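Inspection log for the structure reproduced underneath, given as structure tokens.
What follows draws every value from the coordinates through simple rules; no lab data is involved. The shown structure was predicted, so the numbers you read here are calculated from the model rather than taken from an experiment. Because the Cβ atoms are built from the backbone with ideal geometry, glycine has one as well, and the counts that use them run over all protein chains shown.
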Amino acid sequence: MVTKKPSIVIIGAGMAGLTAANKLYTATGFKDSFELCVVEGGTRIGGRINTSEFGGDRIEMGATWIHGIGGSPVHKIAQEIHALESDQPWECMDGVSEEPSQPTTIAEGGFQLNPSVVDPVTTLFKKLMASAQGKLVGDSAAGCEEIDYYTKALKVSSTSNGGQEKLSVGSFLRQGLDAYWVSKKDQEELKGYGNWSRKLLQDGIFAMHENTQRTYTSAGDLLTLDYSAESEYRMFPGDEITIAKGYLSIIESLASVLPPGLVQLGRKVTRIEWQPEGDEVSGMENGSATAPRPVKLHFCDGSNMLADHVIVTVSLGVLKAGIREDSGMFNPPLPSFKSEAISRLGYGVVNKLFLQVEGNDCNNFPYLQMVFHRPDSEFRHKKIPWWMRRTASLCPIYSNSSVLLSWFAGTEALELESLQDEEIINGVSTTISSFLPQPHKLVNSNSHELCNGTANKVGNSHGSEVKVTKILKSKWATDPLFLGSYSYVAVGSSGDDLDKMAEPLPKLSTCKSAGSPPLQILFAGEATHRTHYSTTHGAYFSGLREAIRLLQHYQCIGV
């Protein structure tokens, strides 16, 4: 009798899936002892990593940053494959932190803000976020009266749910701003900013930073982002950088060890049948060489595949859709501890909008931070669309690039996906005309010149126009393979839910157990890592974790 090799199927060829495949396939003796394949529903590998080109530059439609280079496995791979340098221009975002492209902060109406107005609010926001993230403790918080003041009010302001505090990052930030205003109530009023008062400007600058924070977290509303879990999130030390040869180079490196045919594209899984703990497998003795494989995968083309172990690396958005009663993605349904964790955790959408511009002075376009009037303000520019009012910046993807980038999160990111290119160009053009006069004014190539406002504005040097010729946007929310961008810990959930996401099924504590076979369904992906969720390195760590779990399991039972 020929003994069957254990079969392992990985669903998803993104960072988590290919990391798991790489680790398994390169393990000593694995190729002779196991069957392995990766099934990917799309037509490409990479998942939420998708390097592309636009306007002659290399850009990232999805994952963009290495979040800290100290200890990051992604940075290590990028170094090893020499991906951090390139002759072709890429989305390096050097205007974020390097001279001479320091951010230019302008208030709606074209009022360039003095650093003396911007910096105190920026410092306040950064300190409040550092406090929420547990980075300000002891002496490091000394001298920050606003945070001290707010901390005293924290217990009073927290709402209670079953005796447990359920404070959001959004409410923490706003009450911190309120405390700041109390401490600065005798500030002199500003002059020369039109209808902008000092308090309105401070509120607008603070909102600008909140909008940036929403793109960091994917929480469409920071009032849904859990405060207590924020301090569990971990960053690597060192710079945050982009990858010159593209994020896809990391994916291609991981996949390079796999033989042709091991990764199967266009294989979308529609249903996963498995054997819950305690179920007998077709009356066969568990562990028998002739016992049927316990997991059956069904694909959209009607085909199916049997496996002993399946590593599910689909997004949290797909899992949320998969636990709906009408979905039937898992048969039988996932146990309540798993489905409830999936339901409670947050999963948002972040989209990127790239604009190609041309004109004599397009290479002088600044790293622009935009301070908007409130949506209900009588002073707001009526023609600026609502979906532009919650983006924080518009900037070249590198110094002197003719490709500009803006980030959108939440409802405006969803709106962006539904808009026609012409509508987007008109909306961006109208917005920028209220912020930058010539030569930086953006106009639709088919539209009339737009008004730039009146006095106290940024100076006009040459009088030439910058014209939008083409746009490119990501559409993560409406892509059925992702249904959004990345996870966050929502109010009502906790880091414990991320741990529950990572637990395999059946939930067995030992290698040998009566009943159904162990480790039928394993879970990987950024939403399964407690401290590095929402990141590519979190996905990497999770794929490694599940591969090691299987390798240790078979070492344990002597296979």
Original post:
What is the extension gain from K5 to Q420, computed as 0.36 nm multiplied by their sequence separation minus the C-alpha to C-alpha distance, in nm to one decimal?
Top reply: 144.2 nm
Original post:
So what's region 203-347 giving for Cα Rg divided by 2.2 N^0.38 Å, two decimals?
Top reply: 1.44
**OP:** For region 310-403, just the Cα atoms, rotate onto the principal axes and tell me the three extents in Å, largest first.
**Re:** 62, 37, 19
**OP:** Apply 1/(1 + (r/R0)^6) to the Cβ-Cβ distance of T469 and E85, taking R0 = 25 Å, and write down the FRET efficiency to the nearest 0.05.
**Re:** 0.30
Subject >> For G348, distant residues with modelled amide H under 5 Å away >> reply: S485, Y486, Y488
Subject >> Distance-filtered residues of region 333-360 - backbone nitrogen under 18 Å, label point 7 angstrom along S52 Cα→Cβ >> reply: 349-357
Original post:
Past the 31 Å Cα-Cα mark, which pairs from K296/K473; K338/K475; K320/K473; K126/K191?
Top reply: K296/K473
Original post:
Using a simple spin-label model with points 7 Å from Cα along the Cα→Cβ vector, what separation in nm is obtained for T270 and F337?
Top reply: 3.2
**OP:** Step through the residues of region 340-348 one at a time and calculate ³J(HN,Hα) from phi using the Karplus curve (6.51 cos²θ - 1.76 cosθ + 1.60, θ = phi - 60°), rounding each to whole Hz and writing x for Gly and Pro.
**Re:** 5, 5, 4, 5, 6, 5, x, 8, x
**OP:** Read phi for every residue in region 309-318 and hand back ³J(HN,Hα) as whole Hz from Karplus 6.51 cos²θ - 1.76 cosθ + 1.60, θ = phi - 60°, with x for Gly and Pro.
**Re:** 9, 10, 9, 8, 10, 5, 5, 4, x, 5
Subject >> Gain in span if fully extended, D239 to Q555, counting 0.36 nm per residue against the direct Cα distance >> reply: 109.8 nm
Original post:
lysines within cross-link reach of K76: Cα-Cα under 20 Å, excluding same-chain residues under 8 positions apart?
Top reply: K23, K245
Original post:
To the nearest Å, what is the center-to-center distance of region 483-499 and region 62-82, using C-alpha atoms only?
Top reply: 24
